[in-house]
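Below is one structure; the comments refer to it alone.
The values are calculated or read from the model by the stated rules, or taken from the named source; none is laboratory data. None of these values were measured; they are calculated from a predicted model. Note that each Cβ is placed from the backbone with ideal geometry, even for glycine, and that neighbours are counted across all protein chains shown.
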Amino acid sequence: MADEQVSLFGEDPAARAAALRKEIEHHSYQYYALDNPTISDAAFDSLMRELRELEAAHPELVDPSSPTQRVGGYVGEQFAPVVHEQRMYSLDNAMDLDELDAWMERTAEACGGTLPPLCCELKIDGSSIALTYEDGVLLRAATRGDGTTGEDVTVNMRTVRDVPLRLREGALAAITPGVDSLELRGEVYMPKKSFELLNAAAVSEGRQPFANPRNAAAGSLRQKDPAITQMRDLSTFMYAIADDRSLEVTGQWELLQWLREAGFHVNPDVKLCETAAEVRAFCEACLERRESLPYEIDGVVVKVNEFARQRAMGFTSRAPRWAIAFKFPPEEKTTLLRDITVQVGRTGALTPVAELEPVVVAGSTVARATLHNLDEVHRKDVRIGDTVIVRKAGDVIPEVLGPVLSLRSPEARVWEMPSLCPSCGSPVVRDEGEVAFRCISIDCPAQALERLLHWASRGALDIDGMGEEIVSRLVESGRLADVADYYSLTEDELASLNMGRVNKEGEPIRLGHTMGKKLVAAIEASKGRSFARVLFGLGIRHVGKTTAELIADAFPSMDALMAAGEDQLAEVHGVGPKMAHGIWLFFRTPDNLPVIDRLRAAGVTMAAETLVPGEEVPQVLAGLTFVLTGTLVNSGMTRDEAGARLKAMGAKVSGSVSKKTSFVVAGESAGSKYDKAVSLGVPVLDEAQLLHLLETGEVPREV
Ligand code: AMP
């Protein structure tokens with residue numbers, strides 16, 4: 001039998017496999033690195049098929065760097081942490097050409113008065129990646145994480161087709177003698193088209209779409225199943241090396257040429273500039289071309305070209321001094337304002353929503369945007385039928401900036417708030433001195449739906465999978481009227497829930513047992529959430545997340561809180577008289593009390609975790625104030641959980657940075673709070689330092 005198979009592939013299968021791999025690697029290089037395929041896709045597939053068959057017949061020939069070995073292995077429950085040998089820095093930003101000029105002046109000064117050659121590249125809007133090759137073979141891929149520690153995403157990155165599993169032979173000669181391991185860095189991104197398709201599929205399957213291609217790339221990279229990552233159509237652009245001394249190249253420009261030779265996908269839009277005017281012209285030209293590129297960019301990165309000069313300039317605590325990101329302004333688009341509709345929130349507040357002719361802004365389709373309130377609609381003077389300017393605030397939330405007056409048609413209509421609630425038809429009121437209009441009916445179905453969704457939302461009781469479609473169906477079926485009803489839902493009831501659609505045979509589609517089981521488990525898990533989350537989840541007017549935590553600290557049980565008078569409530573730091581009245585009233589509203597009793601009976605948390613006497617956590621952090629920013633990626637803790645642990649050790653946790661802040665804890669993608677900490681000289685801890693602190697209680701002396 002074995003002999004027969006050998007004969008299928010000629011006399012020497014090992015030689016044939018080697019020849020096929022070489023051929024396939026050559027064509028991958030032509031396709032991905034040079035963008036110049038020289039054979040058809042079908043011919044390429046046929047080579048791959050032959051190699052796959054050959055390896056199936058001769059498993060002893062399989063080699064992890066074979067082009068057939070992209071998907072395999074599995075990712076455990078969590079991605080293993082990877083400590084970066086050389087820190088992965090962020091970049092300082094220049095928000096306009098003046099700031100860019102100022103950086104170039106500083107750079108010229110640092111280089112003895114003359115501007116050194118600068119290498120200008122596109123700033124790809126994706127996720128940073130570090131690829132380690134040992135003896136020329138891909139060994140590991142890691143995310144940036146907090147810059148010090150990232151996550152091991154090797155199995156997933158292997159599925160990205162333009163990542164070479166092995167460096168090209170011809171490029172190895174430039175590796176410094178004695179160096180056997182190279183760490184190369186770049187960006188993994190999702191092309192605009194693939195992002196649109198992915199989001200369209202998510203919407204049609206009732207899943208939440210990604211906000212932008214950057215999030216989609218990061219999310220796709222962190223899949224537990226590498227086969228899903230492979231389907232997501234990720235690409236890379238490589239542009240850096242962790243330690244430039246491991247290669248015999250002297251500057252960034254040469255490095256890019258080498259990366260291409262080694263088989264990597266390198267962005268072709270690069271320019272080595274000699275003067276400030278050339279740099280500015282490159283930035284302006286890129287801004288012009290931004291939309292026509294098939295991937296998202298958010299700026300231009302300008303780097304001092306020569307490595308020796310880079311080394312002389314060094315780094316700040318956060319970023320290299322030898323590079324700057326010239327950031328593009330947020331992308332703006334014009335589109336038609338078709339209508340303004342009204343959304344009823346859980347407290348009855350009526351919010352006008354712009355219904356737009358769908359338009360792609362910063363990578364994703366925008367069809368709706370909140371207009372906040374009536375005053376805002378009038379202040380911006382947007383009218384139905386106007387051509388309006390749309391952009392995404394922070395590249396995520398769509399925003400209507402205003403109308404293009406010169407394009408206003410005489411038919412454009414001024415919008416007014418309806419006098420009746422669009423959900424229940426009750427009269428709409430506006431409290432004196434308030435901007436919001438409100439439906440005050442207690443039976444308004446839109447409010448009930450929003451309250452139920454709020455209870456299940458991530459910041460509140462976090463019932464995973466309980467989304468709008470399912471909750472709406474449960475409400476319609478009469479099975480869910482208030483938040484306590486969640487706790488009597490059974491798996492059978494959920495499994496048989498009619499989803500209001502029919503299959504090909506015309507039978508109603510039901511939720512099914514798999515989902516039913518999952519939801520029952522999620523509901524069960526929600527019972528153990530903290531008391532503060534329960535308070536937040538109840539949707540008491542004016543009580544947001546932070547207030548709920550303050551109240552839970554001051555009144556650590558439901559009984560204590562319900563017994564509190566308005567004055568006592570108002571004494572809590574951060575709770576004003578208006579809020580105190582709202583809380584007091586909530587617990588005196590007859591309809592609410594049975595709901596609380598039923599939640600208690602179901603086993604939902606009704607008190608803050610108190611410590612067993614004698615087991616008290618030492619208050620080693622008393623007197624210190626912490627601010628948490630960014631996402632914690634390695635510890636599996638949310639920011640809230642980390643905050644709770646800090647508080648348990650006596651610290652104060654605040655939402656904003658000031659001179660009085662003792663430490664800022666910066667996770668991944670930390671933003672303005674980080675910048676403020678740096679400018680005020682407040683010490684910054686990364687996630688690893690936070691964990692050390694939580695475990696040992698030792699406050700770092702030097703950061
Ligand atoms: P930011 O995250 O805004 O601080 O920007 C820094 C990030 O830009 C880096 O961590 C890289 O992931 C990313 N980046 C994208 N394109 C480039 C490029 N051509 N050179 C350097 N960094 C880049």
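Against the numbered list (1) surrounded by 15 or more Cβ atoms within 10 Å (Cβ to Cβ); (2) within 13 Å of the ligand (Cβ to nearest atom); (3) β-branched (Val, Ile, Thr), Val360 comes up short only at (2). If the condition is being touching a residue at least 60 places away in the same chain (Cβ under 8 Å) and either basic (Lys, Arg) or within 16 Å of the ligand (Cβ to nearest atom) (or both), then the stretch 338-357 contributes only Arg346. For Lys303, the conditions (1) touching a helix residue (DSSP H, G or I) at 6+ places or on another chain (Cβ under 6 Å); (2) outside any strand (DSSP E or B); (3) within 12 Å of the ligand (Cβ to nearest atom) are fulfilled apart from (2).
Taken as a whole, the structure places Glu248 among residues that are surrounded by fewer than 21 Cβ atoms within 10 Å (Cβ to Cβ) and either away from the ligand (no atom under 15 Å from the Cβ) or not β-branched (Val, Ile, Thr) (or both).
Scanning the stretch 137-153 for residues that are outside any loop (DSSP other than H, G, I, E, B) and either within 16 Å of the ligand (Cβ to nearest atom) or without any contact (Cβ under 8 Å) to a residue 24 or more places away in the chain (or both) yields Ala141, Ala142, Thr143, Thr149, Gly150, Glu151.
A residue that is of a type outside the set (Asp, Glu) and either touching a Cys at 6+ places or on another chain (Cβ under 7 Å) or not in a helix (DSSP H, G or I) (or both) cannot be found anywhere in the stretch 102-110.
So that you can scan it fast, the table gives a plain yes or no per residue for (1) part of a loop (DSSP other than H, G, I, E, B); (2) surrounded by 16 or more Cβ atoms within 10 Å (Cβ to Cβ); (3) modelled with pLDDT under 90; (4) among the charged types (D, E, K, R):
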| position | (1), (2), (3), (4) |
| --- | --- |
| Leu494 | no, yes, no, no |
| Lys504 | yes, no, yes, yes |
| Met515 | no, yes, no, no |
| Leu519 | no, yes, no, no |
| Arg529 | yes, yes, no, yes |
| Ala532 | no, yes, no, no |
| Leu535 | no, yes, no, no |
| Thr547 | no, yes, yes, no |
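Within the stretch 587-604, being of a type in the set (Val, Ile, Thr) and touching a helix residue (DSSP H, G or I) at 6+ places or on another chain (Cβ under 9 Å) holds for Val595, Ile596, Val604.
So that you can scan it fast, the table gives a plain yes or no per residue for (1) farther than 15 Å from Leu115 by Cβ; (2) within 16 Å of the ligand (Cβ to nearest atom):
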| residue | (1), (2) |
| --- | --- |
| Arg280 | no, no |
| Glu291 | yes, no |
| Ala308 | yes, no |
| Arg318 | yes, yes |
| Leu336 | yes, no |
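Inside the stretch 118-136, residues that are more than 30 Å from the chain's Cα centre (by Cα) and within 16 Å of the ligand (Cβ to nearest atom) make up a count of 1. In summary, Glu105 fulfils each of the numbered conditions (1) surrounded by fewer than 17 Cβ atoms within 10 Å (Cβ to Cβ); (2) within 12 Å of the ligand (Cβ to nearest atom); (3) of a type outside the set (A, V, I, L, M) with the single exception of condition (2). Annotation: of all residues in the stretch 81-101 being touching an Asp or Glu at 6+ places or on another chain (Cβ under 9 Å) and away from the ligand (no atom under 11 Å from the Cβ), the one that is farthest from Asp244 (Cα to Cα) is Leu97.
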